[in-house]
Amino acid sequence: MGKQVRKQKKSSIVAGGFFRFALYLIIAIAVIYIGKSAYDFGYDIFYQQPMDSEEEGRDITVVVEDGDSVYQIGKTLENRGLIRDAKVFVVQEKLSNYSGKLQTGTYILNTSMTPDEMMEILSRENIKGQPNQTQEDGTAQEGSSDIQNGTDADAEETQEEGGTGE
C-alpha cells in the first residue's frame with residue numbers, strides 16, 4: 001500500500017511540473033505576442049508611410065460629413081484605400097498639431113500622401129488643389145462642393161485669370 005501512495009505522489013509531481021511548464025510557455029508566448037503587437041502599433045503611428053509611391057498615387061474624393069468622429073473619418077479613409085488602419089489614424093490625429101481641427105467638406109486626397117499630409121488638408125490648413133466649398137456670397141456650401149458639379153477650384157482660378165481652364 002505504501003508503494004501505491006509513492007507512485008501517486010511521483011506521478012502528480014510529474015504532472016504538476018508538466019502543467020506548470022505549459023503555463024509558463026503560454027504566458028511567455030502571450031507576452032511576446034502582445035509586445036510585438038504593441039511595437040507594430042507604435043511603429044505605424046510614428047513611421048507614417050503612404051499607401052502608394054509618388055508615381056503610383058491616385059486622387060480619391062472623400063466627403064467628411066457633419067458629426068463624423070475621427071474614427072469614422074479614419075474608417076472612411078481606410079475603406080477608400082488611403083490609410084492602413086483607422087485606429088492608428090485616431091492616435092496619429094490625437095498626437096498631431098491637427099487634433100480637433102478636422103472639418104467637414106469634400107476633399108481630394110492622394111494615396112501617395114502620409115496621414116499628416118491628409119490631416120493638414122482635412123483641417124483646411126492646406127487647401128491647394130481642393131474643391132471650392134464656398135458659395136458666391138462667401139458662406140459654406142452645405143453638403144456639397146464644386147467638384148460634384150464637375151469643376152474644381154484650379155479650373156476656376158485659371159478662368160478668372162484669363163486662361164482656358166484646362
**Q.** Matching residues, the range 86-124, being buried (at least 17 other Cβ atoms within 10 Å of the Cβ) and among the charged types (D, E, K, R)
**A.** 93, 120
Q. Condition test on residue 49, is it under 30 Å from residue 121 (Cβ atoms), under 17 Å from the mean Cα position of the chain (by Cα), in contact (Cβ under 8 Å) with a residue 24 or more places away in the chain and not in a helix (DSSP H, G or I)?
A. yes
(Q) Is it the case, given these coordinates, that residue 70 is assigned by TED's automatic domain parsing to the domain that holds residue 122 and in contact (Cβ under 8 Å) with a residue 40 or more places away in the chain? (A) no
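Could you identify the single residue in 93, 78 that is in a helix (DSSP H, G or I), assigned by TED's automatic domain parsing to the domain that holds residue 130, among the acidic types (Asp, Glu) and in contact with a Phe, Trp or Tyr (Cβ under 8 Å, 6 or more places away or on another chain)?
Within the list 93, 78, the selection yields 78.
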(Q) Cβ contacts < 7 Å: first residue without any contact (Cβ under 8 Å) to a residue 24 or more places away in the chain, restricted to the range 110-127; second residue of a type in the set (Ser, Thr, Tyr) and surrounded by 15 or more Cβ atoms within 10 Å (Cβ to Cβ), any location; separation 6+ or different chain. Result? (A) 120/98; 121/107
Q) When only residues in the range 52-63 that are part of a loop (DSSP other than H, G, I, E, B) and not charged (D, E, K, R) count, which is nearest to residue 121 (Cα to Cα)? A) 57
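Matching residues to (1) at pLDDT 75 or above; (2) within 15 Å of the chain's Cα centre (by Cα); (3) under 16 Å from residue 48 (Cβ atoms):
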| site | (1), (2), (3) |
| --- | --- |
| 84 | yes, yes, yes |
| 89 | yes, yes, yes |
| 101 | yes, no, no |
| 106 | yes, no, no |
| 115 | yes, yes, yes |
| 142 | no, no, no |
Q. Checking residue 91 against (1) touching a residue at least 12 places away in the same chain (Cβ under 8 Å); (2) more than 30 Å from residue 130 (Cα to Cα), which test does it fail?
A. (2)
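The values are calculated or read from the model by the stated rules, or taken from the named source; none is laboratory data. Because the structure is predicted, anything quoted here is derived from the model rather than measured. Ideal geometry is used to build each Cβ from the backbone, glycine not excepted, and the neighbour counts take in all protein chains shown.
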